[in-house]
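Reviewing the structure listed below.
None of the figures in this text is laboratory data; all of them are computed from the coordinates on show. Just so it is clear, the structure is predicted and the values come from calculations on it, not from any experiment. All Cβ positions, even for glycine, are placed from backbone atoms using ideal geometry, and neighbour counts span all protein chains on display.
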Amino acid sequence: MGKLVLYGLEPSPPVRACKLTLDALGLQYEYKLVNLLAGEHKTKEFSLKNPQHTVPVLEDDGKFIWESHAICAYLVRRYAKNDDLYPKDYFKRALVDQRLHFESGVLFQGCIRNIALPLFYKNETEVPRSKIDAIYEAYDFLEAFIANQPYLCGTGITIADYSIVSSVSSLVGLAPIDAKRYPKLNGWLDRMAAQPNYQSLNGNGAQMLVDMFSSKITKIV
């Protein structure tokens with residue numbers, strides 16, 4: 001196995017999804033901090049690793065992969081002893097892929113990034129109520145996805161659970177999850193939080209992002 005290096009920063013949900021996957025696979029890796037607010041992702045050195053200037057980036061024996069879902073899927077294909085986290089069965093994998101696309105398009109881009117970019121890069125301090133409503137709409141879908149199963153794609157954890165928990169845990173400060181309205185989602189989040197090393201791998205970083213939001217937002221309008 002080549003040397004694994006993960007580039008990122010703790011508040012980033014996609015970085016945390018990768019850390020959860022690496023830990024589940026029992027993989028050793030070096031973690032290198034990239035300070036986005038300081039512009040370290042725009043340096044020439046980092047651009048050679050990822051011309052899209054995003055985190056996470058995975059380095060595996062001198063080769064570079066970015067985008068968290070691509071990284072997580074690669075890690076399972078390359079290093080997992082079985083396919084539990086990303087099934088080879090066509091239908092089961094399609095279900096995981098659907099959840100991953102939902103996370104990237106709806107939860108991360110449509111909810112987190114849509115709120116974060118104006119706050120952190122345009123110095124806006126007010127968040128339109130419609131953006132908070134969009135989070136609750138996403139919760140409605142997740143409640144339906146989980147239904148009567150313990151995890152998002154069935155009886156076992158997959159990389160879709162790692163990706164989605166990294167985003168949902170970052171949104172609860174903006175849109176608290178009412179256990180009566182979302183019993184399935186709330187139970188799933190509790191099960192994920194009970195996983196080994198969850199707090200150090202995801203919980204602490206999620207709280208960092210929650211605190212960053214709180215420090216910038218003055219009003220929901």
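Under a Cβ-only charge scheme (Lys and Arg +1, Asp and Glu -1), can you give me the dipole magnitude of the stretch 154-221 about the Cα centre, in debye to the nearest 20? All intermediate terms of the calculation are to be shown ahead of the outcome.
Numbers: 6 positive and 4 negative charges, 46 e Å.
Computed about the Cα centre, the dipole is about 220 debye.
The packing ranking, built from the mean of other Cβ atoms within 10 Å per residue, places the peptides 67-75, 15-23 in the order 15-23, 67-75, highest first. Once the dipole of the chain is set up with Lys and Arg at +1 and Asp and Glu at -1 on Cβ about the Cα centre, which of S104, A160, A175 lies farthest towards its positive end? Farthest towards the positive pole: S104. Shown in residue order for the stretch 150-160 are the 3J(HN,Hα) couplings computed by the Karplus curve 6.51 cos²θ - 1.76 cosθ + 1.60 at θ = phi - 60°: x, 10, 5, 10, x, 8, x, 6, 10, 5, 5 Hz (x for Gly and Pro).
For the chain, what does the alpha-carbon gyration tensor say about shape, rounded, prolate or oblate, given a ≥ b ≥ c as the root eigenvalues, a/c under 1.5 as rounded, and a/b over b/c as prolate? Cα axes put the chain in the oblate bin. Less than 5 angstrom separates the built amide H of V57 from those of Y7, all sequence-distant by 5 or more or on a different chain. Each residue of the stretch 130-140 was assigned a 3J(HN,Hα) from its phi angle through the Karplus curve 6.51 cos²θ - 1.76 cosθ + 1.60 (θ = phi - 60°); the sequence is 4, 6, 6, 4, 5, 5, 5, 5, 5, 4, 4 Hz, with glycine and proline shown as x. Here's the picture: charge each Lys and Arg Cβ at +1 and each Asp and Glu Cβ at -1 in the stretch 15-76, and of L75, V55, L20 the one pushed furthest to the positive end of that dipole is V55.
Can you give the extra length, in nm with one decimal, that the chain gains between D140 and N82 once fully stretched, where that is 0.36 nm per residue apart less the Cα-Cα distance?
Numbers: separation 58, 0.36 × 58 = 20.88 nm, distance 3.20 nm.
Result: 17.7 nm gained on full extension.
Across the options A206, F145, L9, the greatest Cα extent toward the positive end of the charge dipole of the chain (unit charges at beta carbon of Lys, Arg, Asp, Glu) belongs to L9. The phi-based Karplus calculation (6.51 cos²θ - 1.76 cosθ + 1.60; θ = phi - 60°) puts the 3J(HN,Hα) values of the stretch 99-116 at 5, 5, 5, 4, 4, 6, x, 9, 6, 7, 6, x, 10, 5, 5, 5, 8, 5 Hz, whole numbers, x for Gly and Pro.
For the stretch 90-220, the number of Lys pairs separated by eight or more positions or lying on different chains, with C-alpha atoms closer than 17 Å, is 5. Taken along the Cα-to-beta-carbon direction at a fixed 7 Å, the label points for D178 and Q52 span 3.7 nm. Sorting the segments 107-113, 41-47 by their residues' average number of neighbouring beta-carbon atoms within 10 angstrom, most packed first, yields 107-113, 41-47.
Dipole size of the stretch 90-220 about its Cα centre, with +1 on Lys/Arg Cβ and -1 on Asp/Glu Cβ: approximately 60 debye, rounded to the nearest 20.
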